[in-house]
Amino acid sequence: MTFPRFSPLYHGIVALILTCCAAAAAADEIADIGKLLKGGQLEQASQRVDVLLASKPRDAQAQFLKGLILTEQNKTTEAIAAFTKLTELYPELPEPYNNLAVLYAGLGQYERARQALEMAIRTHPSYATAHENLGDVYAKLASQAYDKALQLDSNNPTAQTKLALVRDLIGSGARGRPQVAQAGTKPPAAASPAPALAPAPAAAAKDAKAAPVVAAKDAKPAAPAPAVLAPPAAVAPAPPAPPKEALRPANDQAEVIAALNAWVMSWGKQDAAAYLAAYARDFKLPRGESRQAWEASRKQRITAPTKIEVKIDDPKVTFADGVATVKFRQSYKSNLISANSAKTLVMAKNGGKWQIREERSGN
Amino acid sequence: MVVSTWLWRAWPRAFMATLLCLAAVGVQAQTQTLPNDDVETALVGIFKAIEGRRLAEALARTEALIASRPNYRLAHLIKGDLLLARGWPIRTMGAAPNAPPERVRELREEALARLAAYRQRPPKDGIPRYLLQLRPDQKNAVVVDTKKSRLYIYENDNGKPRFVADYYISHGKNGSDKLREGDQKTPLGVYHVTASLPKTKLADLYGDGAFPINYPNGWDRRNGRGGSGIWLHGTPSDTFARAPRASDGCVVLSNQDLRSVAHLIQVGLTPVIISDHVEWLSQDDWNNERRALQNAIEQWRRDWESRDSDAYLKHYARAFQGDGMNLKAWSERKRQVNAGKAWIKIGLANISMLRYPGKDDMVVVTFDQDYKSSNLENMMKKRTYWLKEGGQWKIVDEGAS
């Protein structure tokens, strides 16, 4: 499951609480409790939220904080009860459903996690976090279904690796800090469910044979544990070594290659900002999609996997009318999917930087 | 991961194309229908939903199927595909990463066999060509089509076979036409159930019960066929169904289906005809075929009573064997016997006429024979094999059954 990685976890709560709450006193109290929670003073946070709830039992913010505190305290059953109560009182809020899903997934109850996420999406169809989490839960459920269908047993080395890894992820997640959605967070801009130029899909899973070959080399399982996430440091992939050309941008050709490598690296690092910065303002969007929707879907695609590895082979650059056309083989590997495909980028220089103006599958 | 609807489309198209090919094979105007709650109907509902891009419905139907049959591997495979298809395009069944291709192939074959069975129902008034005549006390007959992975039950409705139900089955890993021990093939022929083995006496592999059949029968032995232990049986507890070709030669039903079939089976009596291509006859053709054979049998009985040895021996085929005799020895013996008798009376009762699967026109005729003569009387159960030779039905094998 994916959570905002780059922003400190509870800033959002605090900021939101300060701006949103009508009753100033309660808002202050909630902000204070948020700080205590952020500071890891769980016992105090817990006591004060209980006091607050005694006077305002239906306060959504307070109840949500209570759920977060219980989650932090690893009181999973009580945390589930708290978020469940919240979904009953405020069925229109997606966040409690999402957090319920995270807790259920942590318990290995993927079917329940799925139901909760589907509820989150029903309340907010564009709730990106829930979509991402749901994708992971689907993948996990698919993997369980395949295990039952194909009787992947312990004699099967692949299945063994997979099972061991699932246990491992859940274990480390449970020890780590569970990261859950923040109260009242606005859902990110509509992640339109149109994948358009997906990095991988065309070549992916062409048949039952194609996918496993590549996947088998990967130590990661096909379906990641939709877990309560391991600390970000452990997840971030090692940046791929930049090809040698990147080191000496002596001319246009070298500059283009350097820009290409930067783009590949940002992708591999799952650095959405750097990745999107590689695309020119006048980038040709697929099928009349809006830039905003396109960015949202790209961002999601980049951040959803727990790991991405992108390699490019044999880039060939040609120049015409000040525009560079780069053709290369791209091998994409994530915990979810592997694909090897031909790609063409059309790049142009804007303000001294080579940026992507067009992106096409195939040469 | 985004729920991306267009991605779903790749899968059904390729897969449905395979299924639609099957649909094109002649579907009769009037056919038997399947009950609403069976697996084939459920699978068709799922695939129709996929075809119509109603993927949430497809998933809900798949989950309902799993709820009723928790060990149903094919349903789990479809569920996996439907879930995975939310992430990226799936072009065939069994898109699991690291899926053992053999297992996926088996499940795909099962899906195709079941959907074909749904689309190609047995004709409503058709009668399997094998069931020319059942004995009055044979309540049901079992007909197996190995190529279609299907078992049909026909009821004896006052002498006329009437369709009751049909079921998915698995047969031998190496197909049919068993020849020798260990060849992992299912025999083709006319057999009957010889015993009923309850679950308590069986290993888990055989599921909820087993019904051994009399392979090798007389004809098999005459033709040098070997092996033994061919049963109809159930499915091990860890799976709802097995692949179309999965057994060592037995005919395997799901436990649920085995239980339905079990109470229709009469040990020692219920015929089991295993074919690799079941043919159905119209009522008229069936009547004509059985009448022609009935006439031949009746003529043989009369010619035997007449003690006219030439007329009687005309009913025997060149390849005849019986009581350890070939045609020549048989003829000499019969002429000798007939010469010593003043009269013969032959009564035939409880006649069954079951056509043998395969290219040859051959029918197994069994009956209770009441033999009376001027110097000898006996009652016996007899089994005769009738072969068409030069357009005439002739006996090619005769003996006690």
Residue under evaluation A:GLU295, criteria (1) touching a helix residue (DSSP H, G or I) at 6+ places or on another chain (Cβ under 7 Å); (2) surrounded by fewer than 21 Cβ atoms within 10 Å (Cβ to Cβ); (3) not in a helix (DSSP H, G or I), criterion not met: (3)
Given the criteria outside the structural domain of B:HIS171 (by TED's automatic domain parsing), over 23 Å from B:GLN369 (Cβ atoms) and of a type outside the set (D, E, K, R), does B:ASN288 qualify? yes
Looking at A:LYS284, is it part of a loop (DSSP other than H, G, I, E, B), more than 14 Å from chain B (Cβ to nearest Cβ) and surrounded by fewer than 19 Cβ atoms within 10 Å (Cβ to Cβ)? yes
Find the helices (runs of 4 or more DSSP H) located wholly in region B:53-146 whose residues include 1 or more that are surrounded by fewer than 24 Cβ atoms within 10 Å (Cβ to Cβ) and within 14 Å of chain A (Cβ to nearest Cβ), and list them. B:55-68, B:101-119
Breaking point among (1) of a type outside the set (D, E, K, R); (2) in a loop (DSSP other than H, G, I, E, B); (3) within 12 Å of the chain's Cα centre (by Cα), for B:HIS171: (2)
Give the residue that is nearest to B:LEU74 (Cα to Cα), with candidates limited to residues of region A:124-154 that are more than 7 Å from chain B (Cβ to nearest Cβ), in contact (Cβ under 8 Å) with a residue 60 or more places away in the chain and buried (at least 24 other Cβ atoms within 10 Å of the Cβ). A:SER143
State whether the residues of region B:260-268 include one that is surrounded by 13 or more Cβ atoms within 10 Å (Cβ to Cβ), out of contact with any Phe, Trp or Tyr (no Cβ under 9 Å at 6 or more places or on another chain), under 30 Å from B:THR235 (Cβ atoms) and among the polar types (S, T, N, Q). yes
If I filter region B:126-140 for residues that are modelled with pLDDT under 95 and farther than 22 Å from B:HIS171 by Cβ, do I get at least one hit? yes
Enumeration of residues in region B:367-401 that are over 31 Å from the mean Cα position of the chain (by Cα) and assigned to a strand (DSSP E or B): B:ASP370, B:TYR371, B:LYS372, B:SER373, B:GLU377, B:ASN378, B:MET379
For region A:64-83, indicate whether the set of residues that are buried (at least 22 other Cβ atoms within 10 Å of the Cβ), charged (D, E, K, R) and not assigned by TED's automatic domain parsing to the domain that holds A:ALA304 is non-empty. yes
Let me confirm something: among A:LEU107, A:LEU89, A:LEU93, A:LEU117, which residue is of a type in the set (A, V, I, L, M), over 24 Å from B:ALA60 (Cα atoms) and under 23 Å from the mean Cα position of the chain (by Cα)? A:LEU93
Just checking, how many residues over region B:320-346 are assigned to a strand (DSSP E or B) and either touching a residue at least 24 places away in the same chain (Cβ under 8 Å) or polar (S, T, N, Q) (or both)? 7
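The values are calculated or read from the model by the stated rules, or taken from the named source; none is laboratory data. Owing to the predicted nature of the structure, the values given are computational and were not obtained by experimental measurement. Glycine also receives a Cβ, built like all others from the backbone with ideal geometry; neighbour counts cover every protein chain displayed.
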